[in-house]
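One structure is given here, and the rest of the page talks about it.
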Amino acid sequence: MPTTHLLLALSVVFVWGTNFVVIRWGLDGLPPFLFATLRFALSALPWLLFIPRPTAPWRKIATFGVLLGVGQFGLLFLAMRSSISPGLASLVVQLQVFFTIGLSLWLMGEKVRGYQVIGLLLALAGLGVIAAHLDATVTLLGIGLVLGAAFFWSLANLTVKSLGPVNMLHFMVWSSLFAVPPLFALSWLIEGPQLMAESVRQASTLVWASVLWQAVGNTLYGYGLWNWLLARHPAATVTPLALLIPVFGMGASALSLGESLPGWKLGAAALVLMGLAVIVCWPLLHGALRRRAGSR
């Protein structure tokens, strides 16, 4: 990968990692479901007026939008409102990798590989360390909600996997439209029209900037550029860089929000990241060794 492309990939990972701090800023002025509603509304409008509809069935566009909007971000925003810190949320949600693998194995009847078991055990050990240190910054409810968000993210991944080749920027814009009605309904029923109206009226410039960044930075720039890179380089070259997302997330939370990084939290992060690294990197290493042996 050329240096310029590597820097572009790192910029996406940086945006996705530090986005957890931006979410925290947004939640300081908006209730979670309203925040998610506005985020997906601005991800769809006005962009779909200029971006053509992706070559995918309406059913799958809508399914992805609901899974990502309500399932992933709705639960993630709800958890981050008061039940888990941004740094830990950026780490725990990466367990979507294991949910994606598990669902793929179950639905496609594939065999579990030894390295997958090792990676899962390492990540579960890290999750156990987090669960053993519940306090005001991380609660059992928060862990459960973020794990739920990770599960719905994995379902969204499988939906994309079933599409075949598709322009993901177009797909993200159009699918975002289908996340808005259920999120708005949840906000109306749970948070109430009075709180919704007051929150919009009193939202600060920083809060609105956070909403806009969710749509433009996280969705259009992040997904658009990431998929541009995937179209030009092997997935095995680009995908492992996503392991840096929790690193940026925890670092940004510590620097911007003063989130503490005690030894147990760093240890938990190391275990989870080691588990993810085994899952992502072992097949790449094994394939490289086989190619080297075959060339001799």
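Only the coordinates and a few stated rules stand behind these numbers; no lab work does. Worth saying up front: this structure is predicted, and the values here are computed from it rather than measured. Note that we place each Cβ from the backbone using ideal geometry, even for glycine, and neighbour counts take in every protein chain shown.
Points worth noting:
- Convex hull projection area averaged over all views, the stretch 71-208, Cα basis, nm²: 10.9
- Against the set [x] 16.9; [y] 15.1; [z] 25.3, the structure's computed mean projected area of the Cα convex hull in nm² falls on [x].
- Cα shape, the stretch 177-269, gyration tensor, a/c 1.5 rule: oblate
- Sorted peptide list for 96-103, 264-271, criterion being average Cβ within 10 angstrom, highest first: 96-103, 264-271
- Annotation: peptides 18-30, 68-80, 245-257, 49-61, ranked by per-residue average of other Cβ atoms within 10 Å with the highest first, follow the order 68-80, 18-30, 245-257, 49-61.
- Of every Cα-Cα pair in the stretch 145-215, the percent that sits beyond 13 Å: 78
- Separation of the SER204 and LEU141 label points, Cα + 7 Å toward Cβ, nm: 2.5
- Inter-part distance where the stretch 42-121 and the stretch 171-209 are each reduced to a Cα centre, Å: 20
- Counted as membrane-span-like here are DSSP H helices of the chain whose alpha-carbon atoms extend 24 Å or more along the helix's own axis and whose Kyte-Doolittle mean is 0.5 or above; these are 3-27, 114-131, 140-161, 168-186, 263-295.
- For the stretch 75-126, trypsin sites (Lys or Arg not before Pro) meeting the loop criterion (DSSP other than H, G, I, E, B) and having at most 10 other Cβ atoms within 10 Å: LYS111.
- Here the sum of -39500 (n - 2.57) over DSSP H runs of 4 or more residues, divided by the residues of the chain, equals -23000 deg cm²/dmol at 222 nm, to the nearest 500.
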